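A short write-up of the structure that comes next.
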Amino acid sequence: MNMQRLRISRGLSQEHVTYEAGLSRYTYQKFEKGESMPGTPANPSLRNIMAIAQVLGVTLDELLLSPWPGLHARQIIHSPNG
């Protein structure tokens, strides 16, 4: 995800984003790192992604990396912007 780059470019702290999005700082830090446990990709809920996007003032496409990973192994889905 592009969360850290977007957050920094807007001059926002992790604390501000987590408070406004209703997340714990620990959870948000894991999302910024892109993993839920070492070696395991992050899997945030749609609610969490939408809350972060709203706080950062971006669309979901801007928040998520492109190309999107597919639901099936080795499948890649290209977003409209990518």
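Laid out as a table, the results:
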{"read-out": "The stretch 1-16, subset closer than 13 Å to residue 58 by Cα and among the hydrophobic types (A, V, I, L, M, F, W, C), residue surrounded by the most Cβ atoms within 10 Å (Cβ to Cβ)", "value": "3"}
{"read-out": "Any hit, the stretch 18-40, residues being open to solvent by 60 Å² or more (accessible area, probe 1.4 Å), at pLDDT below 90 and in contact with a strand residue (DSSP E or B) (Cβ under 8 Å, 6 or more places away or on another chain)", "value": "no"}
{"read-out": "Residue under evaluation residue 47, criteria (1) at pLDDT below 90; (2) loosely packed, with under 15 Cβ neighbours inside 10 Å; (3) of a type in the set (Lys, Arg), criterion not met", "value": "(1)"}
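The values are calculated or read from the model by the stated rules, or taken from the named source; none is laboratory data. The structure displayed is predicted, hence computed values, not measured ones. FYI the Cβ positions are ideal-geometry reconstructions off the backbone, even for glycines, and counts take in every protein chain you see. For the accessible areas, the whole protein counts, side chains as well, though only heavy atoms, and no ligand, DNA or RNA atoms are used. Shrake-Rupley method; radii C 1.70, N 1.55, O 1.52, S 1.80 Å.
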